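The values are calculated or read from the model by the stated rules, or taken from the named source; none is laboratory data. All figures in this text were calculated on a predicted structure; none of them were measured in a lab. Neighbour counts are summed over all protein chains in view; Cβ atoms, including those assigned to glycine, are modelled from backbone coordinates with ideal geometry.
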Amino acid sequence: MSALVEAGAKAPQAQAISDCGQYLTFMLGGEAFAIGILAVKEIIEYGGLTEVPMMPECIRGVINLRGAVVPVMDLSARFGKSTTAVTKRTCIVIAEVDNGDAQQVVGVVVDAVNAVLDIAASEIEPPPSFGAKIRTDFIEGMGKVNGKFVILLNINQIVSLDELASLAEAAAGPPATAPGPGR
């Protein structure tokens with residue numbers, strides 16, 4: 001019986017925790033960004049990339065993660081900026097995203113990982129309709145942290161496999177045509 005009373009006493013606290021979301025914050029081109037911690041599987045040191053020919057500029061290559069082939073995306077290039085310069089703090093955030101009826105593991109290159117922050121729902125504003133340096137469908141919201149904004153990213157939209165496939169097709173160029181008779 002005391003367990004029921006104890007559980008009941010903790011319910012308001014549990015509600016307060018669920019009103020906060022946890023986000024992994026990182027730096028990219030001098031700006032602070034974040035993604036929901038539930039999408040993050042791990043953070044690894046940058047390295048061991050194998051380039052794949054005819055991929056969009058934003059795809060750095062693939063890595064071998066415990067026997068699995070994981071594509072690695074350069075977020076800076078995905079946002080239309082120059083590719084990320086590799087430094088000692090550059091790392092790859094391994095994220096699990098929804099791919100229709102399955103989960104896809106993707107790595108994203110970031111300048112540096114900062115921290116995991118609790119951001120209350122009341123401290124999150126909707127994405128701006130203009131003025132952002134990245135596509136608004138990539139933005140889940142704007143989190144207020146210590147008087148500054150952190151851009152909360154929609155990782156599922158950023159690494160949308162359908163859109164990346166069309167980018168890969170565009171990077172490959174028009175299909176080669178076979179020469180006709182008499183050529």
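Summary of values
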{"quantity": "Whichever residue in the stretch 135-176 is of a type in the set (Val, Ile, Thr) and over 27 Å from Ala102 (Cα atoms) and, among such residues, is modelled with the lowest pLDDT", "calculated": "Val145"}
{"quantity": "Residue ID - modelled with the lowest pLDDT, chosen from residues in the stretch 86-119 that are in contact with a helix residue (DSSP H, G or I) (Cβ under 9 Å, 6 or more places away or on another chain) and of a type in the set (Gly, Ala, Ser)", "calculated": "Gly100"}
{"quantity": "Qualifying residue in the stretch 141-156 (condition: of a type in the set (D, E, K, R) and in a loop (DSSP other than H, G, I, E, B))", "calculated": "no"}
{"quantity": "Breaking point among (1) in contact with a Ser or Thr (Cβ under 8 Å, 6 or more places away or on another chain); (2) among the small types (Gly, Ala, Ser); (3) in contact (Cβ under 8 Å) with a residue 60 or more places away in the chain, for Gly36", "calculated": "(1)"}
{"quantity": "Matching residues, the stretch 95-125, being within 20 Å of Glu51 (Cβ to Cβ) and buried (at least 20 other Cβ atoms within 10 Å of the Cβ)", "calculated": "Val106, Gly107, Val108, Val109, Val110"}
